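Each remark here refers to the structure printed beneath this line.
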Amino acid sequence: MAEQTRYEELIRQFSAFGAVKREIGRMMPSECPAGSAAVLTLLGRYGDMRMSKLSELLAVDMSVTSRHVAHVAERGWIERSPDPADKRSRILRLTPAGQALLDQLSRRTCHLLAERLSDWSDDEVSQLTALMARLRASFDDTRAHDTRAHGPEPRPPVSPVLEPITRTPATTQ
């Protein structure tokens, strides 16, 4: 039963990947926890958006998104302005300070990855990136199918800096 063994090893590797995420998390500034970094990352990648779209991209409840947004807004990393199309809604956008922090987080993450993967070839890094994107797409495809059949399922939170890189761009809602 080689297939079962292969998938069991894959499960072990997924669990071990937690160590990579924890190391990345340890290098984040204490005032910028993972949820805050995810908000900044998504706004940096997709641009200005409504809180509902951010909540969808974060794959968390609106109340969780509101807490993350309040945290980054209090620090001046984002601004909230009225949505011209719907005055009840707010448009979120990075401030220059938020962009500077996002740039710093990206540099730190890239530096850590370059350091840890220094013995990997460019081709191996590209292969890993492509395979991770494909894995993510397989789960997104499954979730879309499950949503049509059974309603939406909860999704895991976005990892700071790295996770949104594998998402396809969405339009501002």
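Can you find, among Ser15, Leu58, Ser81, the residue sitting farthest towards the positive end of the charge dipole of the range 1-151, where Lys and Arg contribute +1 and Asp and Glu -1 at Cβ?
Ser81
How would you order 29-40, 73-84 from highest to lowest mean count of nearby Cβ atoms within 10 Å?
The packing order, highest mean first, is 29-40, 73-84.
Residue-wise, which Karplus ³J(HN,Hα) couplings in Hz belong to the range 62-68, taking 6.51 cos²θ - 1.76 cosθ + 1.60, θ = phi - 60°, and x for glycine or proline?
Taking θ as phi minus 60°, the curve returns 4, 5, 5, 4, 4, 5, 4 Hz for the range 62-68.
With a 1.4 Å probe and all protein chains left in place, how much of the accessible area of the range 1-115 comes from carbon and sulfur atoms, in whole percent?
Carbon and sulfur together cover 55 percent of it.
The range 55-81 to the range 17-33: how many Å between their Cα centroids?
A separation of 19 Å, based on Cα centres.
Going by amide H atoms built from the backbone, whose H comes under 5 Å of the H on Arg50, apart from near neighbours?
Leu92, Gln173
Please work out whether the range 44-143 counts as rounded, prolate or oblate from its C-alpha gyration tensor, where a ≥ b ≥ c are the square roots of the eigenvalues and a/c under 1.5 means rounded, while otherwise a/b larger than b/c means prolate and anything else oblate? Present the calculation step by step, with values, prior to reporting the outcome.
On the way: a/c = 2.92, a/b = 1.60, b/c = 1.83.
Oblate, since a/c reaches 1.5 and b/c is not below a/b.
Would you please give the residues with an amide H less than 5 Å from that of Asp83, counting only those at least 5 places away or on a separate chain, with H modeled from the backbone geometry?
Answer set, sorted by chain and number: Ser89, Arg90, Ile91.
Determine the per residue accessible area of the range 1-91 with all protein chains present and a 1.4 angstrom probe, expressed in square angstrom.
Here the residues of the range 1-91 average 58 Å² of exposed surface.
HN-Hα J couplings of the range 98-113 from phi, Karplus 6.51/-1.76/1.60, θ = phi - 60°, integer Hz, Gly and Pro as x?
3J(HN,Hα) across the range 98-113, in whole Hz: x, 5, 5, 5, 4, 4, 5, 4, 5, 4, 4, 5, 4, 4, 4, 5.
The values are calculated or read from the model by the stated rules, or taken from the named source; none is laboratory data. None of these values were measured; they are calculated from a predicted model. For neighbour counting, all protein chains shown are included, and Cβ atoms are generated from backbone atoms with ideal geometry for every residue, glycine included. Note: accessible area is taken over every heavy atom of the protein model, side chains too, but ligands, DNA and RNA are not part of it. Shrake-Rupley method; radii C 1.70, N 1.55, O 1.52, S 1.80 Å.
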